[in-house]
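Since the structure comes first, as structure tokens, the remarks are kept for the end.
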Amino acid sequence: MEFDDQAKGLERLGLSTPLTIPVRLLTRSRYSGIEAGAFEVMVEGLERDWLRLLGPRCVKIPVAHSGHYIHRDQPAVFLAEVDALLGEQRASGR
């Protein structure tokens, strides 16, 4: 279901033209036993797809010691990245 939701989200975004705003792609660094291997490779492929779709202003940020729920595993890192992104937006006058 989660991957279906991701596909629906991509359709709604209609990213035929990459975004011109700064974007952060926070990625996990930890996979549990059942997630290691083929699932991990698939997720890394999805990350590459997101980077390509979101455009040149997208920065991939691997978050140490985090799993699927990055905001819960590393809330300080998550909030720091949100603050940095908002700062970039303010500085650009958007």
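The values are calculated or read from the model by the stated rules, or taken from the named source; none is laboratory data. It should be emphasised that the depicted structure is a prediction, and the values quoted were computed from it without experimental measurement. Quick reminder, even Gly has a Cβ in these numbers, built from the backbone with ideal geometry, and neighbours come from all protein chains shown.
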Of all helices (runs of 4 or more DSSP H) completely enclosed by the range 20-94, which ones contain at least 3 residues that are over 24 Å from Lys8 (Cβ atoms) and among the small types (Gly, Ala, Ser)? 75-92
Is it the case, given these coordinates, that Gly55 is loosely packed, with under 13 Cβ neighbours inside 10 Å and at positive phi? no
Which of the residues that make up the range 7-24 are exposed (fewer than 13 other Cβ atoms within 10 Å of the Cβ) and either of a type outside the set (A, V, I, L, M, F, W, C) or modelled with pLDDT of 70 or more (or both)? Lys8, Gly9, Glu11, Arg12, Gly14, Ser16, Thr17, Thr20
What's the total number of residues in the range 46-67 that are at pLDDT 90 or above and over 11 Å from the mean Cα position of the chain (by Cα)? 4
Working only within the range 25-37, note down all residues that are over 13 Å from the mean Cα position of the chain (by Cα) and either of a type in the set (D, E, K, R) or modelled with pLDDT under 70 (or both). Arg30, Glu35
Is there any pair linking a residue in the range 71-92 that is among the aromatic types (Phe, Trp, Tyr) to one that is at pLDDT 90 or above, with Cβ under 9 Å and at least six apart or on different chains, and which? Phe78/Leu26; Phe78/Val63; Phe78/Ser66; Phe78/Ile70; Phe78/His71; Phe78/Arg72
